[in-house]
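Encoded as structure tokens, the structure appears first; notes follow it.
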Amino acid sequence: MGVSALPFPSDAWTQAFADAVNASEDYRRYGKPWTFGAVAMVIEKDASLGFDPEPGMILDVHEGVCRGARHVHGLEAVEGTPFVIVAPYAMWKEVIEGERDPIKAMMEGKLKMTTGHLPTMLRFVQSSRALVVSATRVPTEFPH
Amino acid sequence: MEPCIVLAPGAAEQPMAGMLAQLIRANLDERPAKKATLARMRGRVALVFEDLGQAVTLRFERGRVTVDAGIVGIPDVTLRAESELVLALSRMELEPRSGLPDPRGEVTRQVLDATREGSREVHGLLPSLPLVARLTRLLSVTA
């Protein structure tokens, strides 16, 4: 029996994402030295898609493990998160579908790190990629 | 003299220019030894990010760095590669005493292999070796 797709973004999708991160050997390896706090991924506000306020996910990642994940709403919900990545829905969709490399998208300015320490992010390029690429393994149902 | 990092007019629209300026600022704030490295840098370095279709010129002059979008003037050194390989400069392992890239390091080996294979090209390296060595130290997030 196939695994049913989970709506993105949602609580269920966020939990499945956390499970996918924990199942990633690459993330376990490259993320092992990461002790710099949680990472939030936020979808830009888009009322036409029902994304108002901004939906997001906060992943509590530490030493190669995702210790917890929360689906949140609004930029105030991610305040205080050490690393925050923001992008329009269409960009996240391309990343989740594996059509766009997340690191290259950051360099192109299509995924924007609005909060965070750039030298640390650059030190952990492989870990960051492994984290985001884990999302490609979540069976996903997109709104459009 | 305190270092000064300036984005030239129009450079802010190019993500890599902003990212490099932010990286240099953060490194200088957190690792004051890099200020002495910057003070000794003179010349222009062009970084061409082939996969992004972007280029950035870094102009070094007496502790001041100006970051331009595109290639501005005649660079002393031009580094041409895919964006991730260019930014790997910041992750190259450096020998603690000399501050030069350590060929035993994983990232340094990847960068050297890419240069040998031609997927990373450096023009003007030999005459500007000290400038390139200092740039590597300035951008390094590991040392």
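The values are calculated or read from the model by the stated rules, or taken from the named source; none is laboratory data. Computed from a predicted model, the values in this text were never measured in an experiment. Neighbour counts run over all protein chains shown; Cβ positions are idealised from the backbone, glycine included. Surface accessibility is based on the protein's heavy atoms, side chains included, excluding ligands, DNA and RNA. Shrake-Rupley method; radii C 1.70, N 1.55, O 1.52, S 1.80 Å.
Points worth noting:
- One residue from A:40, A:47, A:90 being buried (at least 21 other Cβ atoms within 10 Å of the Cβ), aliphatic (A, V, I, L, M) and on the phi < 0 side of the Ramachandran plot: A:40
- For segment A:116-130, the count of residues that are out of contact with any strand residue (DSSP E or B) (no Cβ under 8 Å at 6 or more places or on another chain), modelled with pLDDT of 95 or more and either part of a loop (DSSP other than H, G, I, E, B) or more than 27 Å from residue B:16 (Cα to Cα) (or both) is zero.
- Among residues of segment A:102-135, those that are within 9 Å of chain B (Cβ to nearest Cβ) and free of Cβ contacts under 8 Å to residues at least 24 places away in the same chain, counted: 11
- Evaluation of residue B:139 against the conditions (1) under 20 Å from residue B:43 (Cβ atoms); (2) in contact with a strand residue (DSSP E or B) (Cβ under 7 Å, 6 or more places away or on another chain) shows that the sole unmet condition is (2).
- Any chance residue A:99 is away from chain B (no Cβ under 14 Å), free of Cβ contacts under 8 Å to residues at least 12 places away in the same chain, outside any helix (DSSP H, G or I) and charged (D, E, K, R): yes
- Among residues of segment B:1-53, those that are touching a helix residue (DSSP H, G or I) at 6+ places or on another chain (Cβ under 7 Å), farther than 14 Å from residue B:141 by Cβ and within 11 Å of chain A (Cβ to nearest Cβ), counted: 8
- The set of residues in segment A:85-96 that are out of contact with any Ser or Thr (no Cβ under 8 Å at 6 or more places or on another chain) and either within 14 Å of chain B (Cβ to nearest Cβ) or modelled with pLDDT under 90 (or both) comprises A:87, A:91.
- Every residue from segment B:95-143 that is open to solvent by less than 30 Å² (accessible area, probe 1.4 Å), within 15 Å of residue B:34 (Cβ to Cβ) and over 14 Å from the mean Cα position of the chain (by Cα): B:99
- Pick from segment A:59-82, criterion within 10 Å of residue A:18 (Cβ to Cβ) and free of Cβ contacts under 8 Å to residues at least 24 places away in the same chain, ranking: farthest from the chain's Cα centre (by Cα): A:67
- Residue B:37 satisfies every condition listed in (1) in contact with a strand residue (DSSP E or B) (Cβ under 9 Å, 6 or more places away or on another chain); (2) touching a residue at least 12 places away in the same chain (Cβ under 8 Å); (3) of a type in the set (Val, Ile, Thr) except (1).
- Considered as a group, the residues in segment B:69-83 that are within 13 Å of the chain's Cα centre (by Cα) and not basic (Lys, Arg) include one that is farthest from the other protein chains (Cβ to nearest Cβ), and that residue is B:76.
- Annotation note: of A:68, A:56, A:80, the sole residue that is away from chain B (no Cβ under 14 Å) and in a loop (DSSP other than H, G, I, E, B) is A:80.
- Complete set of residues in segment B:18-34 that are aliphatic (A, V, I, L, M) and touching a Gly at 6+ places or on another chain (Cβ under 9 Å): B:19
- Answer residue from segment B:16-56, given it is open to solvent by 40 Å² or more (accessible area, probe 1.4 Å) and assigned to a helix (DSSP H, G or I) and is modelled with the lowest pLDDT among those: B:33
- Checklist (1) touching a strand residue (DSSP E or B) at 6+ places or on another chain (Cβ under 6 Å); (2) within 30 Å of residue A:30 (Cα to Cα) applied to residue B:110, failing item: (1)
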